[in-house]
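Below is one structure, written out as structure tokens; comments come after it.
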Amino acid sequence: MSARLVRIADDPGSDPAVAEAAALLRSGELVAFPTETVYGLGGDALSPRAVERIFEAKGRPADNPLIVHVADADALGLVAASVPDAALRLAAAFWPGPLTLVLPAREEARRAAARGLPTVAVRVPAHPVALALLRAAGIPVAAPSANVSGRPSPTRASDVAADLGDRIPLILDGGPCAVGVESTVLDLSGTRPAILRPGAVSAAEIGAVLGAEPPIAGEADLLRRSPGTRHRHYSPRARVVLLGPAVSAAAALRMASRLGRWGYVGSRPELLSASGAAAIPAGAGLARELYARLRDLDEAGVDAIVADAVPEEGLGVALMDRLRRAASARVLDDREADALR
Ligand code: TXA
Ligand code: MG
């Protein structure tokens, strides 16, 4: 199989490729489509067979449940057994948008997208192509990021084609993703809300709606609530070294020179000029470009990627979460930089 990649123009609601994608989804096939966060690999969320196909195509660990996408909050009842008031208030504030809510699951969702868990994760994505597709399909659509499991998530249609082009029939191209990191996952199924994965919607923004800021779950809590998070994520093939702010440029350059061919993601002038990299703007700009930059450096065949740590505020919380998971080493000062081999 070789995927057709179709660019969707201005009016996705009347695009024949979107109608075709919806028909494929309804018949149990898989389709990749853009969301505002990353591209998703979609399949019928209530069909165990379609969900199985998603796991096969991605090589995804079997215990990692899928996020279900719906066209609006009215469709929550198709997958959730109950919808707490907090979910409705958050939906009104942030949907369509990059916030995923974990709710008690209906049996049909539990048997398919939720992989047997008593809960189901669900969101309404903000991309016009995703919304048009969900409306046309009229079914809840399970969609993990459309990458081979473990690799950086795809933020361009070409990234999807590189990973899954030989395994799915159709990729809808909606241009580069505006957010660039995956949605915030908020667990509302327990006694207290908790963030299972930081994303573009911050704890403070959620707190402003709920009246109390939800904590970000620690590793032990995560393993209990979200089994899939223990697997390796977001990793390019190259070795990623995360550079703390206290490391001097001189020590960073000495270190990099021992790592073979290296690339750089950050904004220090000395490292930019030594690596030949272009600077990436901080904050939202970095979020938008991070995965594409990691993929491009892999494509260029570097041995190592040196990346600057970013301040953990706002989007920086999500960015550092992804950078830590991508990194095989972290150096916090010049001594550690000089010791790294
Ligand atoms: O932005 C996004 O969320 C993208 C786009 C395509 O919507 N999707 C995405 O899906 O990132 P995926 O499968 O790559 O990540 C799903 C995350 C995983 O961390 C998984 O463990 C968690 O959501 N998750 C899914 N269902 C869950 C559940 N019932 N309970 C706890 N965590 C869940
Ligand atoms: Mg993923």
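With N residues in the chain, what two-decimal value do you get for its Cα radius of gyration over 2.2 N^0.38 Å?
Dividing the Cα radius of gyration by 2.2 N^0.38 Å gives 0.99.
So how do Thr37, Thr100 line up by other beta-carbon neighbours within 10 Å, fewest first?
Details: Thr37 28, Thr100 24.
By the 10 Å Cβ count, ascending, the order reads Thr100, Thr37.
For a paramagnetic label modelled at 7 Å from the Cα of Asp10 toward its Cβ, which residues of the stretch 108-131 fall within the zone defined by backbone nitrogen distances under 17 Å?
Taking a point 7 Å out along Cα→Cβ of Asp10, the residues of the stretch 108-131 whose backbone N falls under 17 Å are 128-129.
For a footprinting-style exposure proxy, rank Val302, Val240 by other Cβ within 10 Å, fewest first.
Working: Val302 21, Val240 24.
Exposure proxy ranking, most exposed first: Val302, Val240.
Based on the Kirkwood radius over alpha-carbon pairs, what is the Stokes-Einstein translational diffusion coefficient of the stretch 69-148 at 25 °C with 0.890 mPa s viscosity, in µm²/s?
193 µm²/s
Charges only on Cβ, +1 for Lys and Arg, -1 for Asp and Glu: so what's the dipole of the stretch 189-341 about the Cα centre, in debye to the nearest 20? Before the final figure, lay out the partial values.
Working: 21 positive and 18 negative charges, 122 e Å.
It works out to roughly 580 debye.
Quick one: Cα centre-to-centre distance for the stretch 20-75 and the stretch 167-241, in angstrom?
Going from one Cα centre to the other spans 17 Å.
Give, as ranges by residue number, the residues of the stretch 137-171 whose backbone N falls under 15 Å from the point 7 Å along Cα→Cβ of Glu299.
Answer for the stretch 137-171: 152-165.
Which residue, chosen from Val70, Ala21, Ala57, occupies the Cα position most advanced towards the positive end of the dipole of the stretch 1-74, where the dipole is computed from +1 (Lys, Arg) and -1 (Asp, Glu) charges on Cβ about the Cα centre?
Ala57
Which one, Pro245, Val129, Ser267, projects farthest toward the positive side of the charge dipole computed for the chain from Cβ point charges (K/R +1, D/E -1)?
With unit charges placed on the Cβ atoms, the residue in question is Pro245.
Based on the Kirkwood radius over alpha-carbon pairs, what is the Stokes-Einstein translational diffusion coefficient of the stretch 50-106 at 37 °C with 0.692 mPa s viscosity, in µm²/s?
Values: Rh = 12.8 Å.
Estimated diffusion coefficient is 256 µm²/s.
Report the gain in length on full extension from Arg224 to Glu107: 0.36 nm times residue separation, minus Cα-Cα distance, nm rounded to one decimal.
Stretched out fully, the Arg224 to Glu107 stretch lengthens by 40.1 nm.
Please state the shape class of the stretch 125-170: rounded when a/c is under 1.5, otherwise prolate if a/b exceeds b/c and oblate if not, all from the C-alpha gyration tensor.
Note, shape of the stretch 125-170 comes out prolate.
Along each of the three principal axes of the Cα atoms of the stretch 93-187, give the extent in whole Å, ordering the values from largest to smallest.
Extents along the principal axes, in whole Å: 36, 31, 27.
Taking the beta-carbon count within 10 Å as an exposure proxy, list His127, His69 from fewest neighbours to most.
Result, fewest neighbours first: His127, His69.
With 10 Å bins from zero, work out the P(r) of the stretch 267-341 over every alpha carbon pair and list the percent per bin.
16, 50, 32, 1
Throughout, read-outs are computed from the coordinates displayed, never taken from laboratory work. Everything numeric here is computed off the predicted structure, so don't read it as measured data. We place every Cβ from the backbone using ideal geometry, glycine too, and count neighbours over all the protein chains shown.
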